[in-house]
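Structure first, commentary second.
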Amino acid sequence: MAETVKITFDGQTVELPLLVGTEGEKAIDISRLRAQTGLITWDPGLANTGSCSSAITFMDGERGILRYRGIPIEELAEHSSFKETAFLLVHGVLPTRKDLNRFSVLLNDHSLVHEDMQIFYQNFPRASHPMGILSSMVNALRSFYPVLSTGEEEINITVTRLLSKVRTLAAMSYRISRGHKVVYPRPDLPYCANFLNMMFDSPVNPYVIDEDIVRALSVFWILHADHEQNCSTSAVRIVGSGRVNLYASISAGIAALWGPLHGGANQAVIEMLSMIKDQGVSIRRVLERAKDRDDPFRLMGFGHRVYRTYDPRAKIMKKMCDRVLRKFNLQDPLLNIAQELEAAALADDYFIDHNLYPNVDFYSGIVLRAIGIPTSMFTVMFAIGRLPGWIAQWKESMDDPDWRLCRPRQLYIGPKINAYVPIDERG
Ligand code: SDX
């Protein structure tokens, strides 16, 4: 007998089904609540609301667990590649060698973008933020690749086309913003190396592919690849629920990720660490400001809506900082500041009481700086990593029989009925 929850209201009692997830998490099914009671629920920020059922990613915020299709993030970071993890997220299984070879061929075949798209880039002001450009250009792909049939093969080609082209679009925005020639994708380079080459190759200073850097980028993107129903993934699902095409849904996800409370935090962390260094602000003062409710300053890269302990991705990212910096015998003063800040915050009652720990963004910028990625491109790097997750979630929602047009209700607190007053009679 399925468990239920009873709600007693206004002399009536209704029983609502209790849904149970794979890991035992429970949800009250309120899909008939208004019809049965006239009541709606109210949950600003949706912190207590499950928007869907999903088989893609599992997070346990109390225990710091993250798994893609059941595989722990630690194992994927250790053994997988970003291309393989993207396949796992989108198709639900680890690829066979034959699958992976076919996927590589498709990624290569679809890595170019229509030459006319370069004209759009020429017309963006040089200082435009690359996230705004990326969101616009991904949306523009729909004009160049309108066929989006529902057939499995067609969907696979569309998905692979986007996974491949996103690198080219991102690298183009960087090259053109610097007045440099666009570098085309190369058929002999795998996914991550191709992106680095498109970003940094130069006729006078050919980019040398370093396998350690390629590996660091692959792990960086694995760590960002999906994260259940976060803000930008929810945007992709909500926009997609109107049955708009994949490109428009992903474009909305890129826009949502841009915010400093979400994916834009990786850029904000480096700006915060640089401010501390350049202005000689003490760690104590930084924590004082972060704790002051009257001060809008927040410790960027700290805290999370779901994790109430250390973000498992941050642990891996922190180790990567040491590895990448050691590789180039680099000393990044911002890493020292970040480590000091972390130690002080984790010993501070405010952060302990609020369960505030480093999240994926706290150390990710240090890794990107060591790879040579400019700060303005940090959130674009997050977007490229998150793309397989967005696509997997979009596909899952399209195939979900329970998925409907997303249209939440509200609690109206405005004025009661009002009369229209002609302008000459207004105060
Ligand atoms: C990402 O959802 C995902 O999965 C996102 C993500 C993904 O992979 O998709 O993990 C990626 O977006 C990571 C988060 C990146 N953002 C930041 O690092 C920005 C700094 N963090 C905060 O702004 C905040 O922690 C949020 C936005 C991440 C979460 O905020 P919540 O859950 O809405 O919590 P809240 O703002 O209501 O804060 C609860 C309390 C408040 O104090 P009180 O008023 O209750 O006393 O905690 C405090 C907040 O002031 N607090 C912080 C803080 N984060 C929360 N205080 C100081 N510094 C912080 N960073």
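Mind checking whether some residue in the stretch 255-278 is modelled with pLDDT of 95 or more and farther than 30 Å from GLU340 by Cα?
Yes, the conditions are met somewhere in the stretch 255-278.
Say we look at the stretch 46-68 and pick out the residues that are in a loop (DSSP other than H, G, I, E, B) and loosely packed, with under 15 Cβ neighbours inside 10 Å; which of these is nearest to the ligand (Cβ to nearest atom)?
The extreme case among them is ALA47.
Considering only residues that are out of contact with any helix residue (DSSP H, G or I) (no Cβ under 7 Å at 6 or more places or on another chain) and open to solvent by less than 10 Å² (accessible area, probe 1.4 Å), which ones fall in the stretch 319-351?
Listed by number, the list is empty, since nothing qualifies.
Taking ILE371, is it over 28 Å from LEU223 (Cβ atoms) and out of contact with any Cys (no Cβ under 8 Å at 6 or more places or on another chain)?
No, not satisfied.
Of the residues GLU288, GLU271, which is more than 10 Å from the ligand (Cβ to nearest atom), touching a residue at least 60 places away in the same chain (Cβ under 8 Å) and in a helix (DSSP H, G or I)?
GLU271
Out of LYS315, LYS277, report the one residue that is under 21 Å from HIS262 (Cα atoms) and either open to solvent by 70 Å² or more (accessible area, probe 1.4 Å) or more than 15 Å from the ligand (Cβ to nearest atom) (or both).
Testing whether each residue is under 21 Å from HIS262 (Cα atoms) and either open to solvent by 70 Å² or more (accessible area, probe 1.4 Å) or more than 15 Å from the ligand (Cβ to nearest atom) (or both) leaves just LYS315.
Regarding the stretch 76-97, can at least one residue be identified that is among the aliphatic types (A, V, I, L, M) and closer than 23 Å to TYR174 by Cα? Can you show your working first?
From the stretch 76-97, those among the aliphatic types (A, V, I, L, M) are 76-77, 86, 88-90, 93-94; that's our starting set.
Next, only the ones that are closer than 23 Å to TYR174 by Cα stay: none.
Scanning the stretch 76-97 turns up no residue that is among the aliphatic types (A, V, I, L, M) and closer than 23 Å to TYR174 by Cα.
Looking at LEU163, LEU134, which one is within 20 Å of the chain's Cα centre (by Cα) and over 15 Å from HIS110 (Cβ atoms)?
LEU134
State whether the residues of the stretch 343-357 include one that is among the β-branched types (Val, Ile, Thr) and in contact with a Lys or Arg (Cβ under 7 Å, 6 or more places away or on another chain).
Looking through the stretch 343-357, none of the residues is among the β-branched types (Val, Ile, Thr) and in contact with a Lys or Arg (Cβ under 7 Å, 6 or more places away or on another chain).
Which condition from (1) within 30 Å of ILE133 (Cβ to Cβ); (2) in contact with a Gly (Cβ under 9 Å, 6 or more places away or on another chain) is the one that TYR310 breaks?
(1)
Does the stretch 350-367 hold any residues that are within 15 Å of the ligand (Cβ to nearest atom) and either hydrophobic (A, V, I, L, M, F, W, C) or over 12 Å from ALA338 (Cα atoms) (or both), and which are they?
The answer is TYR350, PHE351, ILE352, ASP353, HIS354, ASN355, LEU356, TYR357, ASN359, VAL360, PHE362, ILE366.
I'm told ASP43 meets every condition in (1) farther than 23 Å from TYR310 by Cβ; (2) open to solvent by 40 Å² or more (accessible area, probe 1.4 Å) except one. Can you identify the failing condition by its number?
(2)
The values are calculated or read from the model by the stated rules, or taken from the named source; none is laboratory data. Given the structure is predicted, the values throughout are model-derived calculations rather than measurements. Cβ atoms come from the backbone with ideal geometry, glycine included; neighbour counts cover every protein chain shown. Surface areas here come from the heavy atoms of the whole protein model, side chains and all, with no ligands, DNA or RNA. Shrake-Rupley method; radii C 1.70, N 1.55, O 1.52, S 1.80 Å.
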